[in-house]
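**Student:** Provided herewith is a single structure, encoded as structure tokens, for subsequent inquiry.
The values are calculated or read from the model by the stated rules, or taken from the named source; none is laboratory data. Bear in mind that the values here come from a model prediction, so they are computed numbers and not experimental data. Cβ: placed from backbone, ideal geometry, glycine included. Neighbour counts: every protein chain shown.
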Amino acid sequence: MNKQYPTLTCHICGYDMHDRKEHDPCPECGTAFSTLPDAYASKFQCTYPNVLAVLGMLAMPFIAALSVMLFISPILFFIGNRSKFPGVRVPAWAARAIRLNQILIYAALAEFWVLMILHSVWPNLFNFW
Ligand SMILES: [Zn+2]
């Protein structure tokens, strides 16, 4: 959360709303103006868990322990986003990152079960060393 800078822009399109009142519609996109603080202060906070999730999915068939470590922060991000929303507003870029995070977590779960099934059918499939 960034308390130093008041949230005087539209959180969906970024339009300057400093001369508007709370709940006024944004002239650009029609979103009701919210003066609540943003849920995330920087795009990096939302981007790196998704980068780690992709790396974890790539590592999963080869180095399981590395994959587990890579998934720590994506899973914490996933859990944290379930209860963060009262009292904050979610910018459009954060909403996209949260949606992508959910897709990646469910895709990783699917990958995990596919690998478990493949491993039970062909136990040596991923024994490269
Ligand atoms: Zn807008």
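**Student:** Filtering segment 25-45 down to residues that are closer than 11 Å to Pro91 by Cα and surrounded by 17 or more Cβ atoms within 10 Å (Cβ to Cβ), which residue is nearest to the ligand (Cβ to nearest atom)?
**Tutor:** Among those that are closer than 11 Å to Pro91 by Cα and surrounded by 17 or more Cβ atoms within 10 Å (Cβ to Cβ), it is Ser34.
**Student:** Name the residues in segment 1-11 that are at pLDDT below 90 and either within 13 Å of the ligand (Cβ to nearest atom) or assigned to a strand (DSSP E or B) (or both), would you?
**Tutor:** Those that are at pLDDT below 90 and either within 13 Å of the ligand (Cβ to nearest atom) or assigned to a strand (DSSP E or B) (or both): Thr7, Leu8.
**Student:** Let me ask something additional. Taking only pairs six or more apart or across chains, which ones have beta-carbon atoms under 9 Å, a first residue in segment 12-24 that is on the phi > 0 side of the Ramachandran plot and more than 7 Å from the ligand (Cβ to nearest atom), and a second residue that is in a loop (DSSP other than H, G, I, E, B) and hydroxyl-bearing (Ser, Thr, Tyr)?
**Tutor:** His23/Ser34
**Student:** Name the residues in segment 57-110 that are of a type in the set (D, E, K, R) and either in contact with a helix residue (DSSP H, G or I) (Cβ under 6 Å, 6 or more places away or on another chain) or touching a residue at least 60 places away in the same chain (Cβ under 8 Å) (or both), would you?
**Tutor:** Matches in segment 57-110: Arg89 only.
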